[in-house]
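Reviewing the structure listed below.
The values are calculated or read from the model by the stated rules, or taken from the named source; none is laboratory data. Predicted, not measured: the structure shown is a model, and the values here were computed from it. Cβ coordinates were reconstructed from backbone atoms using ideal geometry, including for glycine residues, and neighbour counts include every protein chain displayed.
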Amino acid sequence: MKSSKTVTEKKLVPLAVPDVGEEEINEIRKVMGTGFLTEGATTKEFEKMVADYLGVKHALAVTSCTTGLHAVLECLDIKGQEVIVPDYTYPATAEAVVLAGGIPVLVDVDLDSMNMNTEILEEAYNDKMTVFSPVSWAGVPLEKEIYQKAKKLDLKMLEDSACSLGAKIGDDFVGKIADYSCFSFHPRKVITTGEGGMITTDDDEIAERCYSFKHFGAKGSSFETIGTNYKLSNVLSAIGVIQMKKIENIIQTRIEKAKIYHELLSKINNIKPAYVGENTRQTFQSYTCYVEKEEHRDKIRKALSDENIQSQIGTYALHLEPAYRNMKKIGNLGNSTKLFKNALTLPLHKNLTQEDQENICKIINKTLNN
Ligand SMILES: Cc1ncc(COP(=O)(O)O)c(C=O)c1O
């Protein structure tokens with residue numbers, strides 16, 4: 001029987017809810033009290049917390065993951081060079097390449113992990129390339145072999161790990177394994193500063209260049225190169241300092257709720273639960289499942305929306321977007337296209353109850369199988 005309540009009268013189940021509250025407000029208040037609001041001691045504290053957490057030499061706070069990727073690519077000087085990026089990603093990954101004067105080469109991804117893999121890298125690689133930029137999308141770590149393959153090819157790896165702070169391969173954190181990694185602190189990410197990002201690396205030289213780049217090209221008191229302003233303020237870093245204290249709890253909660261979805265969705269025909277890799281820890285920054293029945297993903301989204309439940313697609317197949325249509329591509333990007341059409345991201349946050357999850361899965365089952 002149809003409920004007589006209108007959509008807006010029904011309980012809203014949001015897609016994402018940032019885990020922020022009084023503690024973050026108090027920390028911001030402390031910064032306000034110092035009168036020093038731009039990048040400073042709190043930014044340094046936040047950077048140190050991230051560096052210590054990952055076990056990495058350098059963590060440089062920036063205004064977003066996108067600006068972090070741009071800074072690294074500028075400092076690696078990729079002008080005129082082809083840089084492999086997955087087609088299935090948020091535009092930021094490719095945009096950073098273009099901003100730094102490089103040429104993105106769009107490659108396909110694995111249909112299960114939704115990430116590019118070693119085979120895809122090998123197929124797209126040519127010996128003029130010096131850098132590539134894979135994505136550990138939704139907080140699913142890349143396969144271990146791709147890091148080893150990159151070393152063999154003498155290819156520097158800039159991982160777009162926007163979604164992966166806290167993800168691990170074995171005991172190693174994502175952010176420690178690639179040559180350079182960039183994280184996002186957008187409110188839908190694992191931890192947030194409102195907007196913000198972090199570059200991590202063990203490479204002293206590139207860390208120094210990135211530091212200069214994000215400070216207008218300054219080196220000491222002179223300006224030796226052209227840079228820009230990608231500094232993260234003390235105000236936003238204050239949120240980050242508290243978020244880093246919470247990160248393990250945030251991830252544990254996400255993993256527990258992802259397990260519940262996995263169990264519920266495993267019993268439903270025509271849908272594949274979110275990917276679970278072996279010997280890794282995922283962040284489940286997005287809980288993204290795959291609708292196997294063609295042309296049903298959007299029907300499910302509509303049915304959920306009618307119950308005031310938010311959902312999202314997975315991410316974009318860049319080659320289908322106007323700005324990317326003429327870019328170089330390898331292969332037919334078939335998996336990326338399928339994921340763009342059929343991947344479905346479900347609500348996942350601390351306020352999501354088991355009852356909400358059961359209800360969501362019931363609606364999915366009804367839409368797919370009745
Ligand atoms: C894979 C990926 N990279 C980069 C970004 C951009 O991050 P930011 O908003 O911090 O620039 C996103 C944001 O959704 C993303 O999903």
Which of the numbered conditions does residue 261 fail, given that it passes all the others? Conditions: (1) within 19 Å of the chain's Cα centre (by Cα); (2) closer than 13 Å to residue 346 by Cβ; (3) not hydrophobic (A, V, I, L, M, F, W, C). (1)
Quick count over the stretch 191-219, residues being within 16 Å of the ligand (Cβ to nearest atom) and surrounded by fewer than 24 Cβ atoms within 10 Å (Cβ to Cβ), is 3
Does residue 74 satisfy the condition of being part of a helix (DSSP H, G or I), over 23 Å from residue 315 (Cα atoms), more than 22 Å from the chain's Cα centre (by Cα) and of a type outside the set (Lys, Arg)? no
Filter the stretch 307-360 for residues that are of a type outside the set (A, V, I, L, M) and in a strand (DSSP E or B) and give the result. 312, 328, 329, 345
Looking for whichever is modelled with pLDDT of 95 or more, among the polar types (S, T, N, Q), within 16 Å of the ligand (Cβ to nearest atom) and surrounded by 24 or more Cβ atoms within 10 Å (Cβ to Cβ) here; the options are 113, 164. Which one fits? 164
Given 366, 341, 362, which one is out of contact with any helix residue (DSSP H, G or I) (no Cβ under 8 Å at 6 or more places or on another chain) and closer than 23 Å to residue 292 by Cβ? 362
Which number in (1) touching an Asp or Glu at 6+ places or on another chain (Cβ under 8 Å); (2) assigned to a helix (DSSP H, G or I); (3) farther than 22 Å from residue 343 by Cβ; (4) more than 11 Å from the ligand (Cβ to nearest atom) marks the one condition that residue 128 misses? (2)
In the list 61, 16, 51, which residue meets the criterion of being among the small types (Gly, Ala, Ser), in contact (Cβ under 8 Å) with a residue 40 or more places away in the chain and in a helix (DSSP H, G or I)? 51
Subset of the stretch 75-104 (residues that are surrounded by fewer than 23 Cβ atoms within 10 Å (Cβ to Cβ), in contact (Cβ under 8 Å) with a residue 40 or more places away in the chain and either within 18 Å of residue 211 (Cα to Cα) or away from the ligand (no atom under 16 Å from the Cβ) (or both)): 76, 81, 82, 103
Within the stretch 19-32, is even one residue under 24 Å from residue 308 (Cα atoms) and out of contact with any Leu (no Cβ under 7 Å at 6 or more places or on another chain)? yes
